[in-house]
Amino acid sequence: MVINESIKGWDRNQMAQKVAFDIPDGTYVNLGIGIPELVAGFVPAGREVIYHTENGLLGMGPAPEAGKEDPELINAGKKCVTAIPGACFFHHADSFTMIRGRHIDICVLGALQVSGEGDLANWSTGEPGAIPAVGGAMDLVAGVKTIFAITQHLTKEGEPKIVKECTYPLTGKGVVNTIYTDLAILDFTDKGLFVREMAPGVTFEYLQQVTDATLYQ
Amino acid sequence: MINKIVKSTAEAVADIFDGAVVMISGFGEAGSPIELIHALIDRGAKNLTVVSNNTGSGHVGIAALIENKQVKKMICSFPRTTNSIVFPELYKKGEIELELVPQGTLAERIRAGGAGIPAFYTPTSVNTPLAEGKEIRVFNDQPFVMEYGIRADFSLVKCKTADRYGNLIYNKTARNFGPVMCTAAETTIVQAGEIVELGGIDPETVVTPGIFVKKVVEIPNPAEESKLVKENRRYPW
């Protein structure tokens, strides 16, 4: 595998913008921690989207102004947020009723690995001695109707994150619908993993070379 | 006369015994009943199994309870958080057990326990290491994993407002696990920011009906865990 350093790809904000463009008007969306949090800032004007955070808020708004933080109004990443007019609070069992009961339309999650079959690994590297922590990730992929994975195409060490088979412990099997990376947007279909869009300068041949899973166009 | 109000946190936790299963509300610091936890540290009950979403941060609250060697086992979904130091150290030394449970499964296991449901099937964790060794059953061509309800001897819960019947309302996302934990313990002990007269809470807005609550103690200005952590405070002070 040869990495072409001249290809810059999309930056984090551009990736988040691509995801935001695919979130339709009127949907209920759960955003994971990290890059997914950026997505809310790019939803196109005219679309009304309600953000769910699994610790008990539907109608999550942006971060509060400095000095107005409330430690009892936080998101799943335990950061201070606000509640929009029309928001509601609920307990954890109700929150996961929304998730597992297929009431949430879209979830945007980070990924350690995604397989060519749509398997997701995003909670543990399985290293001995590491402290496992799963949070709500397994519930989200089991219950939310559409799962968007947003991730860099390669690891920091230059290894492919889109693989034939995940080597890390799974979060869920065959759960991802679309992958958004710095190099491309990839859709899972019955016939395999299809390339929908590539970042400037990226060719299909190059993309396949830096992707372990088989791609189609 | 029914009066669930007790005068002190010490009185509230006085019955917690060695080996008890204790649920503790909160998602990080939001909803964590820090004054009740500190009273449990003073009480000194050991070999506890604690059910809580996280393992605390710094050296106060749940982290201090763990650091004081009172916890044998944690049942939680996310044992490492920013500023979580105590649990990771003990876990790496093999001095504390961990049962890792997906967050929604944890909430539902508590809800089921409180509702008299011994076990249930969920799609969460199927085909992952967390389903290993568990019964799998297929419904409508889809596999589900069986999970057991959890009941506790005690629940420690924080809320915003209570009355002497034990009716409760919560504050924003500090509600989280409180309402389900109230239902799942033999003895539910609550710290409330304020206690109001009967009728002071609109019946339409009661979140936890008083029947689920045994004791209420008023803590008007609860400590903020993140501030204590920032100041590097340790409990016992």
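The values are calculated or read from the model by the stated rules, or taken from the named source; none is laboratory data. As the structure is a prediction and not an experimental result, all values here were calculated from the model. Every residue, glycine among them, receives a Cβ derived from its backbone with ideal geometry; neighbour counts consider all protein chains shown.
What to note about this one:
- A:GLU48 vs. criteria closer than 24 Å to A:ILE150 by Cα, more than 12 Å from chain B (Cβ to nearest Cβ) and acidic (Asp, Glu): yes
- All positions within region A:163-217 that are touching a Ser or Thr at 6+ places or on another chain (Cβ under 7 Å), part of a loop (DSSP other than H, G, I, E, B) and farther than 22 Å from A:GLU5 by Cβ: A:LYS164, A:GLU165, A:CYS166, A:TYR168, A:PRO169, A:LEU170, A:THR171, A:ASN177, A:ALA213
- Residue match in region B:12-23 (condition: within 14 Å of chain A (Cβ to nearest Cβ) and out of contact with any His (no Cβ under 8 Å at 6 or more places or on another chain)): yes
- Filtered by the rule that a residue be facing another protein chain (nearest Cβ under 9 Å), among the charged types (D, E, K, R) and in contact with a helix residue (DSSP H, G or I) (Cβ under 7 Å, 6 or more places away or on another chain), region A:94-122 gives a lone residue, A:ARG100.
- Filter pass, B:LYS227 being in a helix (DSSP H, G or I), at pLDDT 95 or above and within 14 Å of chain A (Cβ to nearest Cβ): yes
- Hey, A:VAL19 in a loop (DSSP other than H, G, I, E, B) and more than 22 Å from B:THR82 (Cβ to Cβ) or not: no
- Verdict on A:THR151 being touching an Asp or Glu at 6+ places or on another chain (Cβ under 7 Å) and either in contact (Cβ under 8 Å) with a residue 40 or more places away in the chain or within 14 Å of chain B (Cβ to nearest Cβ) (or both): no
- Selection count, region B:49-70, where residues are small (Gly, Ala, Ser) and within 13 Å of chain A (Cβ to nearest Cβ): 4
- Region B:25-43, residues that are more than 13 Å from chain A (Cβ to nearest Cβ), touching a residue at least 40 places away in the same chain (Cβ under 8 Å) and either among the hydrophobic types (A, V, I, L, M, F, W, C) or out of contact with any Ser or Thr (no Cβ under 8 Å at 6 or more places or on another chain) (or both): B:LEU36, B:ILE37, B:LEU40, B:ILE41, B:ASP42
- Every residue from region B:20-43 that is of a type outside the set (A, V, I, L, M) and not in a helix (DSSP H, G or I): B:SER25, B:GLY26, B:PHE27, B:GLY28, B:GLU29, B:GLY31, B:SER32, B:PRO33
- Any hit, region A:174-197, residues being among the charged types (D, E, K, R) and within 14 Å of chain B (Cβ to nearest Cβ): no
- Flag set for B:LYS46, criterion: in a loop (DSSP other than H, G, I, E, B), within 28 Å of B:PRO236 (Cβ to Cβ), within 18 Å of the chain's Cα centre (by Cα) and away from every other protein chain (no Cβ under 11 Å).
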